[in-house]
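Asker: I'd like to ask some things about the structure below.
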Amino acid sequence: MNIFRLLGDLSHLLAIIILLLKIWKTRSCAGISGKSQILFTIVYTARYLDLFTSYVSAYNTIMKIFFISTSFATLYLMYLKFKATYDHNHDTFRIEFLILPAVVLSLLINHEFSVLEILWTFSIYLESVAILPQLFLVSKTGEAESITSHYLFALGSYRALYLLNWVYRYIYEDHSDFIAIVAGVVQTVLYCDFFYLYITKVLKGKKLSLPA
């Protein structure tokens, strides 16, 4: 554990809390991509199946349970409880075009050809692009509510901080993970345009909009 990983975890927690509070308080899923939430649920489920096979620490276990349970809770709210507010017409990204390449890559490029390792690798690859349906939805609708923008910023900050965590571990612990670093770079790059617009618009009280 180091400061960058801790801040990254807190940013990730904040993003999920913002999302759930947004849906619950407004009783609406407007502006939220169900496709991205499906991908994140797949990511957390595939990555944290080792809950049943290994124990690292109480912190590690609690975080894993939190991410899995909240991802399924989000799907419940979007596709069952508040499904009437979900924008099916604009959330049309073909997620199979993200899932299948992630499956193939995880089988070809991994640290170890075992079930849990391949599932972990698959989750890393898929997480790097899981936000694309959400960014696509924002681009298609033309704008995002400020609360949705805060959610996206916190989520992007989590990945950027984790990149710093990998740099820190490489320098001070002589530890590196090529797969996680490359996937993290890809994910952070996807957020770059959003980060710029967030800082220049949302923080000044304007609505965020992405080019279609």
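The values are calculated or read from the model by the stated rules, or taken from the named source; none is laboratory data. In this text the structure is predicted, and so the values were computed from the model without any measurement. Counting neighbours? That spans all protein chains shown, and the Cβs are built from the backbone with ideal geometry, glycine included. Calculation scope for accessible area: heavy atoms of the full protein, side chains included, ligands and nucleic acids excluded. Shrake-Rupley method; radii C 1.70, N 1.55, O 1.52, S 1.80 Å.
Asker: Within 27 Å of residue 121 (Cβ to Cβ) and surrounded by fewer than 17 Cβ atoms within 10 Å (Cβ to Cβ) - does that describe any residue in the range 30-45?
Answerer: Restricting attention to the range 30-45, the residues satisfying the condition of being within 27 Å of residue 121 (Cβ to Cβ) are 33-45.
Then keep just the ones that are surrounded by fewer than 17 Cβ atoms within 10 Å (Cβ to Cβ); that gives 45.
Scanning the range 30-45, I find at least one residue that is within 27 Å of residue 121 (Cβ to Cβ) and surrounded by fewer than 17 Cβ atoms within 10 Å (Cβ to Cβ), so the answer is yes.
Yes/no per residue for (1) over 21 Å from residue 102 (Cα atoms); (2) out of contact with any Cys (no Cβ under 9 Å at 6 or more places or on another chain); (3) not in a helix (DSSP H, G or I):
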| site | (1), (2), (3) |
| --- | --- |
| 13 | yes, yes, no |
| 16 | yes, yes, no |
| 25 | yes, yes, no |
| 29 | yes, yes, yes |
| 41 | no, yes, no |
| 59 | yes, yes, no |
| 71 | no, yes, no |
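Asker: Quickly run through the range 9-29 and pick out the residues that are surrounded by 15 or more Cβ atoms within 10 Å (Cβ to Cβ) and farther than 22 Å from residue 162 by Cβ.
Answerer: Within the range 9-29, 22, 23, 28, 29 meet the criteria.
Asker: Tally up the residues in the range 121-179 that are of a type outside the set (A, V, I, L, M) and either in contact with a Gly (Cβ under 9 Å, 6 or more places away or on another chain) or within 19 Å of residue 15 (Cα to Cα) (or both), please.
Answerer: Matching residues across the range 121-179 total 22.
Asker: Among the candidates 152, 164, single out the residue that is in contact with a strand residue (DSSP E or B) (Cβ under 9 Å, 6 or more places away or on another chain) and either under 16 Å from residue 17 (Cβ atoms) or surrounded by fewer than 17 Cβ atoms within 10 Å (Cβ to Cβ) (or both).
Answerer: After ruling out the rest, the residue left standing is 152.
Asker: Hey, another quick one. Conditions first: (1) basic (Lys, Arg); (2) closer than 30 Å to residue 175 by Cα; (3) free of Cβ contacts under 8 Å to residues at least 60 places away in the same chain. Residue 25 passes all but one, so which condition is the exception?
Answerer: Single failed check for residue 25: (2).
Asker: Would you mind finding the one in 6, 75 that is in a helix (DSSP H, G or I), under 14 Å from residue 158 (Cβ atoms) and open to solvent by 10 Å² or more (accessible area, probe 1.4 Å)? Give the steps one after another, and end with the answer.
Answerer: Details: 75 fails: under 14 Å from residue 158 (Cβ atoms).
After applying the criteria, what remains is 6.
Asker: Residues of the range 93-147 being assigned to a loop (DSSP other than H, G, I, E, B), in contact (Cβ under 8 Å) with a residue 24 or more places away in the chain and open to solvent by 20 Å² or more (accessible area, probe 1.4 Å), which ones?
Answerer: Restricting attention to the range 93-147, the residues satisfying the condition of being assigned to a loop (DSSP other than H, G, I, E, B) are 93-95, 109-114, 130-131, 142-143, 145.
With in contact (Cβ under 8 Å) with a residue 24 or more places away in the chain added as a condition, the list becomes 93, 95, 109-111, 130-131, 142-143, 145.
Across the range 93-147, the qualifying residues are 93, 95, 109, 110, 111, 142, 143, 145.
Asker: For residue 203, state whether it is assigned to a helix (DSSP H, G or I), at pLDDT 85 or above and either touching a Phe, Trp or Tyr at 6+ places or on another chain (Cβ under 9 Å) or of a type in the set (A, V, I, L, M) (or both).
Answerer: No, not satisfied.
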